[in-house]
Amino acid sequence: MCGRFALTATPDQTAAFLDVAGLEDFPARYNIAPTQPVLMATAGAPRAPGSNLPDRQPMLVRWGLIPTWVKDTREFPLLFNARSEGAIAMRHRRALVPASGFYEWRQAGGKKGQPYWIRPRHGGLVAFAGLIETYAEPGGSEMDTGAILTVNANADIAHIHDRMPVVIDPRDFARWLDCRTLEPRDVADLLRPAQLDFFEAIPVSDLVNKVANTGPEIQRRGEIGPEPEKVKRQKPGADDSQMTLF
């Protein structure tokens, strides 16, 4: 799955990667979490003949898709990831989610998970496959919501987690976004794990666990050490210089 990701490229770099126009300025974001606004790109209206402007449009979307049929959002689980195996039949707008990489946690029994910063091995940006749904709230207002599609992890990631986000190659951007002429079954072949060696996984400290930590320090290499041994309370009259370790 993908519960946190980062987008640290500049707006110009991101616009060029997605081939979108009109992208507003934004700061580097190192710890993007569900329910926060995320940048996505969709296919826009076709341009007039002779126009050299891109026909893709950027959108700010609440990360956590809410289908139109939901009556009470308080009773609906936070759908920030969607399994590609089932989502391909859904009639949502397909989108691209630009990212510099994502975070994943490797669990070891009941111990605290070790977080990893997983990024393209050769740097640059990556585009995750996304879905967008415009949800009409009971009061009449509308909210654009979205999710990231996941697939079975490849051998590079499987030792950390069994799922990973679907990566759309730039050569397939137009095909993935074309919801006017291409049915979900026409793009099902794009829902596959990334090529081996595309990503590298770097162990980082647990600073990323807190949404309030938003600086570049959360991506520095580091591992969570073993839990410190607990110290038993001293018995009355015990020598103050002596401790009994658990």
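Structure summary
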| quantity | calculated |
| --- | --- |
| Candidate residues Lys71, Lys210: accessible-area rank, largest first, probe 1.4 Å | Lys71, Lys210 |
| Computed accessible area, Met1, all protein chains, 1.4 angstrom probe, square angstrom | 70 Å² |
| Where Cys179, Cys2 fall by accessible area, highest first, once all protein chains stay in place (1.4 Å) | Cys179, Cys2 |
| Anisotropy class of the stretch 91-181 from Cα gyration tensor, a/c 1.5 cut | oblate |
| Lys/Arg +1, Asp/Glu -1 at C-beta; the chain dipole; positive extreme among Leu149, Pro203, Thr214 | Pro203 |
| Charge dipole (debye, nearest 20) of the chain; +1 at Cβ of Lys and Arg, -1 at Cβ of Asp and Glu | 460 debye |
| Accessible area, probe 1.4 Å, largest first, for residues Glu85, Glu133 | Glu85, Glu133 |
| Expected 222 nm ellipticity per residue - DSSP helices of 4 or more, -39500 (n - 2.57), all of the chain, to 500 | -1500 deg cm²/dmol |
| Inter-part distance where the stretch 98-143 and the stretch 57-73 are each reduced to a Cα centre, Å | 15 Å |
| Evaluated at q = 0.13, 0.16, 0.20 Å⁻¹: base-10 log I(q)/I(0), Debye formula over Cα of the stretch 1-140 | -0.67, -0.97, -1.32 |
| FRET E, pair Asn213, Asp186, Förster distance 35 Å, beta-carbon r, rounded to 0.05 | 0.25 |
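The values are calculated or read from the model by the stated rules, or taken from the named source; none is laboratory data. Keep in mind that what you see is a predicted model, and the values were worked out from it rather than measured. Positions of Cβ are backbone-derived with ideal geometry, glycine not excepted, and every protein chain shown enters the neighbour counts. We work out accessible area using only protein heavy atoms, side chains counted, and drop any ligands, DNA or RNA first. Shrake-Rupley method; radii C 1.70, N 1.55, O 1.52, S 1.80 Å.
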